[in-house]
2 protein chains.
Amino acid sequence: MLREATLEPRQEPRQEILRAAARLFQQQGYDATSMNDVAAALKLSKGGLYHHFQSKDEILFHIMSHAMEITEERVINVVRRIDGATVAGAEERLRTLIRLHIQVVLSPEDREITVMLHENHPLPPTLRRKINGRKKDYVHFVEHIIADVQRKHNSPSQVTPRAAALALVGMINWIYQWYKPGGPLTGEEIARQYSEIFFRGAIGSGAIGESRKLPSAVRSSLSGHSDV
Amino acid sequence: MLREATLEPRQEPRQEILRAAARLFQQQGYDATSMNDVAAALKLSKGGLYHHFQSKDEILFHIMSHAMEITEERVINVVRRIDGATVAGAEERLRTLIRLHIQVVLSPEDREITVMLHENHPLPPTLRRKINGRKKDYVHFVEHIIADVQRKHNSPSQVTPRAAALALVGMINWIYQWYKPGGPLTGEEIARQYSEIFFRGAIGSGAIGESRKLPSAVRSSLSGHSDV
């Protein structure tokens, strides 16, 4: 083995490995990708790779965990910081959740990672349960936000927060199946229309305004995505 | 090779092969499954298998095509037979489409086949394009049905039929990611709540009744699924 081929990635080696592995899994299939392929793509020695991850299962698990961390950091943590005590605040939380979740799905730099979350690759049962637990936690979080808006609105809706949360998470997570950057439906436009469908459909109040103020960081990062 | 191991499946051999292959692909991964595995699972000789399909790609393509045929037969063809000339007729088409599409996703006997449609397995570009073309045709069909209901309703909705169709197809196709037979959300209940969200959300009319008459075959087959 040549010495000069054994380069360590410069920074965040674990994240670089996860990203490169996720890309290979999508390009050539999970099963068809070996630990050797991952090491080669990163110009890592096999030892260098095994220093970080013991197996392909472990890499897949950490890709999925990382996708959940991205969602938790960029959606849950931001939404939690919004004061939801008033009707407008509770609404703002739900509207921000919809936009930020769409933003995570459309994020070009995290795409390799987040797409893996929804593919049905075989993972050992204990690891699978951990990932599924975090997915369920996310749906519960969405469910509570929805329940809160419905309650504060005295919503006449016959839609349960549970069914509404599953429908919302479904319509958003599905975007990766059809979205093409540069297409007529920009990230901003998807967020506007999906919010409209969901607020009218699940809160049952047509009185909710179209364009509420959003934290400017949210708005600018979203419009940034629309023309990538 | 023992002669008695070389049994041909009795009926619809191609469909039996597709079903068995789809099951193996999900259990052990697409790449990890060989043509030999498929032949062995069916107690077919390799020659017997190759008589029907030349390669694993071809099997995967036909699994996906079959999933699209199921959707076309059980959703599109039924919906097309409903007279959509009146407001009630157009609504009935959309409501039936939602129920039947959910029914296809939940169908236990077609699950192996339909799940494969959404997995991102590498398929040669020409075959991939054919499948994607049929998926796009389905979204266009849904889009036209929605546009027609909006028009007949003089809908005040600011949701375009395109975004609405993508949201609807997404929330329904996503069901396979979380649905557990015997859980609190039955097929019938999902159809009711998703219809409510979608009609209010994308048609924008709260005047649409909750429980319209459905062809009795549709209703009974749906409730049949709910307790499987």
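The values are calculated or read from the model by the stated rules, or taken from the named source; none is laboratory data. This is a predicted model, so every value here is computed, not measured. With ideal geometry, Cβ positions are generated from the backbone for all residues, glycine too; neighbour counts draw on all protein chains shown. Note: areas computed on protein heavy atoms with side chains; ligands, DNA, RNA excluded. Shrake-Rupley method; radii C 1.70, N 1.55, O 1.52, S 1.80 Å.
Could you run through region B:115-126 and say how many residues are more than 17 Å from B:THR33 (Cβ to Cβ) and over 19 Å from the mean Cα position of the chain (by Cα)?
3
When region B:184-207 is examined, which residues are found to be more than 7 Å from chain A (Cβ to nearest Cβ), in contact with a helix residue (DSSP H, G or I) (Cβ under 6 Å, 6 or more places away or on another chain) and of a type in the set (D, E, K, R)?
B:GLU188
Tell me which residues, restricted to region A:35-56, are closer than 15 Å to A:ARG19 by Cα and out of contact with any Gly (no Cβ under 9 Å at 6 or more places or on another chain).
Once the filter is applied, which keeps residues that are closer than 15 Å to A:ARG19 by Cα and out of contact with any Gly (no Cβ under 9 Å at 6 or more places or on another chain), region A:35-56 yields A:MET35, A:ASP37, A:VAL38, A:ALA40, A:ALA41, A:LYS43, A:LEU44, A:LEU49, A:HIS52, A:PHE53, A:LYS56.
Looking only at region B:44-60, which residues are touching a Ser or Thr at 6+ places or on another chain (Cβ under 9 Å) and within 15 Å of B:GLU119 (Cβ to Cβ)?
Matches in region B:44-60: B:LYS56 only.
Give the residue that is nearest to the chain's Cα centre (by Cα), with candidates limited to residues of region A:167-183 that are assigned to a loop (DSSP other than H, G, I, E, B) and more than 8 Å from every other protein chain (Cβ to nearest Cβ).
For region A:167-183, the residue satisfying everything is A:TYR179.
Is it the case that some residue within region B:104-121 is within 14 Å of chain A (Cβ to nearest Cβ) and free of Cβ contacts under 8 Å to residues at least 24 places away in the same chain?
yes
So which of B:GLU112, B:GLU73, B:GLU92, B:GLU69 is under 16 Å from the mean Cα position of the chain (by Cα) and surrounded by 16 or more Cβ atoms within 10 Å (Cβ to Cβ)?
Only one candidate passes the filter, namely B:GLU112.
Which residues, taken from region B:137-166, are facing chain A (nearest Cβ under 8 Å), part of a helix (DSSP H, G or I) and closer than 20 Å to B:VAL87 by Cβ?
Within region B:137-166, B:ALA164 is the sole residue that qualifies.
Output yes when any residue across region A:131-145 is open to solvent by 10 Å² or more (accessible area, probe 1.4 Å) and small (Gly, Ala, Ser), and no when none is.
Yes: one or more hits.
Quick check on my filter: what residues within region B:9-62 are at pLDDT 90 or above, open to solvent by 50 Å² or more (accessible area, probe 1.4 Å) and within 14 Å of chain A (Cβ to nearest Cβ)?
Answer for region B:9-62, where residues must be at pLDDT 90 or above, open to solvent by 50 Å² or more (accessible area, probe 1.4 Å) and within 14 Å of chain A (Cβ to nearest Cβ): B:ARG23, B:ASP37, B:ASP57.
Can you pull out every residue in region A:154-185 that is modelled with pLDDT of 95 or more and open to solvent by 40 Å² or more (accessible area, probe 1.4 Å)?
A:THR160, A:ARG162
Within region A:149-163, track down each residue that is touching a Leu at 6+ places or on another chain (Cβ under 8 Å) and not basic (Lys, Arg).
Selection gives A:VAL149, A:ALA163.
Considering only residues that are in contact with a helix residue (DSSP H, G or I) (Cβ under 8 Å, 6 or more places away or on another chain) and over 30 Å from B:MET35 (Cα atoms), which ones fall in region B:50-89?
B:ARG74, B:VAL75, B:ILE76, B:VAL78, B:VAL79, B:ILE82, B:ASP83, B:GLY84, B:THR86, B:VAL87 - these are the residues of region B:50-89 that are in contact with a helix residue (DSSP H, G or I) (Cβ under 8 Å, 6 or more places away or on another chain) and over 30 Å from B:MET35 (Cα atoms).
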